[in-house]
Amino acid sequence: MANLLQFLIPKDKKFFPLLEKSSNNLVAVSKVLYELLTTASLEKRRELTREIERLEHVGDNITHEIVHELSLTFITPFDREDIHALTSALDDIVDYIYGSSKRIETYKVEIISTEIIKLAELIEKAAIELNGAIIALKNMKNVNKIKEASVKIHSIENHADDIFDMAVARLFDEEKDAIKIIKMKEILSVLETATDKCEDAANVIESIIVKNA
Amino acid sequence: MANLLQFLIPKDKKFFPLLEKSSNNLVAVSKVLYELLTTASLEKRRELTREIERLEHVGDNITHEIVHELSLTFITPFDREDIHALTSALDDIVDYIYGSSKRIETYKVEIISTEIIKLAELIEKAAIELNGAIIALKNMKNVNKIKEASVKIHSIENHADDIFDMAVARLFDEEKDAIKIIKMKEILSVLETATDKCEDAANVIESIIVKNA
Amino acid sequence: MANLLQFLIPKDKKFFPLLEKSSNNLVAVSKVLYELLTTASLEKRRELTREIERLEHVGDNITHEIVHELSLTFITPFDREDIHALTSALDDIVDYIYGSSKRIETYKVEIISTEIIKLAELIEKAAIELNGAIIALKNMKNVNKIKEASVKIHSIENHADDIFDMAVARLFDEEKDAIKIIKMKEILSVLETATDKCEDAANVIESIIVKNA
């Protein structure tokens, strides 16, 4: 399969560039989120929230383009279900990042806890690893690099789980205002789900590797 | 494919009638929900809640019938995954409508906010568009009508998103009782998810069009 | 198909043993949950929470093994999508059981309501039925036994729904502390979702039966 794949790849001018575009956009969104959470200026925060919104639309368009191409293309560089699943996972991560920024705005959250910043940091790290794995997927040469990225993403997701658990425990211990608990717990949960979706994307990439290696 | 499809369709006595039955039922449920939310009589509201419950069971049975037929039928009018996905999406919409009525009852909500009524109105509109698209799907002639319905459903879903965001922002601004926030936020969220599921159904219909046009 | 299947089965040394291992593990987890919820000793409860955590990891490894085997195996005893869906459903049930025990610990819940214990009892019953159905699936002889198990699981899920609804209604009626409502509602919801996932697994098993009977 690997040889056949390498033979087919030069002809694939569609899916790899689009997937790379999608994961580049994901990295961009994750960087804006981190910036938004660490800026002291509320004015700047508002701007960055609009920027995430804009990038979410960009991501949506890339997703639609891939889904449309999939419906038109008979031969794909790897299983069409895998392309679809990877595309959806990348789209989901961006959606959850956008969801967290939207809630911070809607809920008028002013103080950003260290755990929220830590989760955003982990999402950015996972996005960079995903992006590297997707670029490496293009020539299927650097299988080890892809596997390493995948291992790192699983460990990032475990780390995010622990941070989420501790943050929720601390929230119930320290915060006595139920309305604030509702808001903060949901933001933490949306960010933690973003790292779950990074793991979903890594699982798809792993399964592509297994089938084509 | 279109010709082959038109050749096959006269033989399809199973899936189109069942899908239409399912989307007719969806329209019926969405109308009862709107009635329930706008009636002043608590007695009438209780009756309509039971009626939604009954129609949800009707929908369940149609869904089971389609899934059962799918497992027995080798040649389907379009991809079996698409029939399955469309069936599930229609079933999900009805489930979320039922879920909203059940919560209004369980949570003993007496005052229905304008945003809740607006969301129910949008769900009914989307249901009617879906129903029209599914009827048009049967003869594959009126592709433009199907595309228009799909565009309308996407715009309905965007509108529902905005209403949900504004309703939640207003809830946190005006309501100081955390228990009421929990109840209202969940009902709004269930209704908004119903419009997401309408969009899922529209996406499946679009992909059927693309593959068979 | 049934004959072909019976011809193929003696060669399947992979999937049936692994699925059985997975459903055995599920039964074990569900028993520990019930024990955890009914013990009076907080010390013992802590131990059993760790035990569920350990079994969740065991389940994860079985799941990864099945997914890995699926990617390597060309001929499977039944549709690979069905093996994958059944594996995921079993994995999800264990995840939700683990999720409930983790929340009881994180939220420092001391008093376990009768509804929570009742839901855990239903999960254990459904797990035992699933386990029996999966063992019976191996030789495809006892189709009636599988169908009976499936009917029981559907009825267990309906029962769990009713208990959940009543528990949430009672919670809003009796509990005036919003923070406690948040905690208890979420634990009830996670347990109820575990029974939904049991139903998902039963649905996959039913569809396997229909296709191969």
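The values are calculated or read from the model by the stated rules, or taken from the named source; none is laboratory data. Nothing here was measured: the structure is a model prediction, and the numbers come from that model. Neighbour counts are summed over all protein chains in view; Cβ atoms, including those assigned to glycine, are modelled from backbone coordinates with ideal geometry.
Here are some notes:
- Selection status of B:Phe164, within 13 Å of chain A (Cβ to nearest Cβ), closer than 24 Å to B:Ser30 by Cα and among the aromatic types (Phe, Trp, Tyr): yes
- So B:Ile111, is it surrounded by 21 or more Cβ atoms within 10 Å (Cβ to Cβ) and of a type outside the set (Gly, Ala, Ser): no
- Residue-level analysis places C:Lys152 among those that are within 19 Å of C:Ala202 (Cβ to Cβ) and more than 14 Å from chain A (Cβ to nearest Cβ).
- Checking each residue in the range C:93-109 for being away from chain A (no Cβ under 13 Å) and of a type outside the set (S, T, N, Q) picks out C:Ile93, C:Val94, C:Tyr96, C:Ile97.
Okay, residues lined up against (1) farther than 21 Å from B:Pro17 by Cα; (2) buried (at least 18 other Cβ atoms within 10 Å of the Cβ); (3) acidic (Asp, Glu); (4) in contact with a His (Cβ under 7 Å, 6 or more places away or on another chain):
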| site | (1), (2), (3), (4) |
| --- | --- |
| B:Ala120 | yes, yes, no, no |
| B:His159 | yes, no, no, no |
| B:Phe164 | yes, yes, no, no |
| B:Asp173 | yes, no, yes, no |
| B:Lys183 | yes, yes, no, no |
| B:Glu192 | yes, yes, yes, no |
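- Once the range B:172-198 is narrowed to residues that are more than 10 Å from every other protein chain (Cβ to nearest Cβ) and free of Cβ contacts under 8 Å to residues at least 40 places away in the same chain, the residue that is farthest from B:Gly99 (Cα to Cα) is B:Glu174.
- Restricting attention to the range B:66-84 and to residues that are more than 13 Å from chain C (Cβ to nearest Cβ) and part of a helix (DSSP H, G or I), the residue that is surrounded by the most Cβ atoms within 10 Å (Cβ to Cβ) turns out to be B:Ile83.
- Qualifying residue in the range B:204-213 (condition: more than 14 Å from chain A (Cβ to nearest Cβ), crowded, with 16+ Cβ neighbours inside 10 Å and more than 30 Å from C:Ile182 (Cα to Cα)): no
- The test for being within 10 Å of chain C (Cβ to nearest Cβ), under 26 Å from B:Glu174 (Cα atoms) and surrounded by fewer than 20 Cβ atoms within 10 Å (Cβ to Cβ) does not hold for A:Ala169.
- Elements of type helices (runs of 4 or more DSSP H) in the range A:104-213, at least 2 residues being aromatic (Phe, Trp, Tyr): A:143-174
- Taking residues in the range B:57-75 that are over 15 Å from B:Pro17 (Cβ atoms), and partners anywhere that are in a loop (DSSP other than H, G, I, E, B), the pairs with Cβ atoms closer than 9 Å and at least 6 places apart or on different chains are B:Ile75/B:Asp12.
- Selection status of A:Ala136, surrounded by 15 or more Cβ atoms within 10 Å (Cβ to Cβ), touching a residue at least 24 places away in the same chain (Cβ under 8 Å) and away from chain C (no Cβ under 13 Å): no
- Number of residues in the range C:146-171 that are touching a residue at least 40 places away in the same chain (Cβ under 8 Å) and over 21 Å from C:Ile97 (Cβ atoms): the value is 4.
- Going through (1) within 11 Å of the chain's Cα centre (by Cα); (2) among the small types (Gly, Ala, Ser); (3) within 14 Å of chain A (Cβ to nearest Cβ) one by one, C:Ala201 falls short only on (3).
- Qualifying residue in the range C:36-52 (condition: within 14 Å of chain A (Cβ to nearest Cβ), assigned to a helix (DSSP H, G or I) and surrounded by fewer than 20 Cβ atoms within 10 Å (Cβ to Cβ)): yes
- For the range B:110-133, filtering for residues that are within 14 Å of another protein chain (Cβ to nearest Cβ) and over 19 Å from C:Asp173 (Cα atoms) leaves 1.
- So B:Ile146, is it closer than 19 Å to B:Leu90 by Cα, surrounded by 21 or more Cβ atoms within 10 Å (Cβ to Cβ), modelled with pLDDT under 95 and away from chain A (no Cβ under 11 Å): yes
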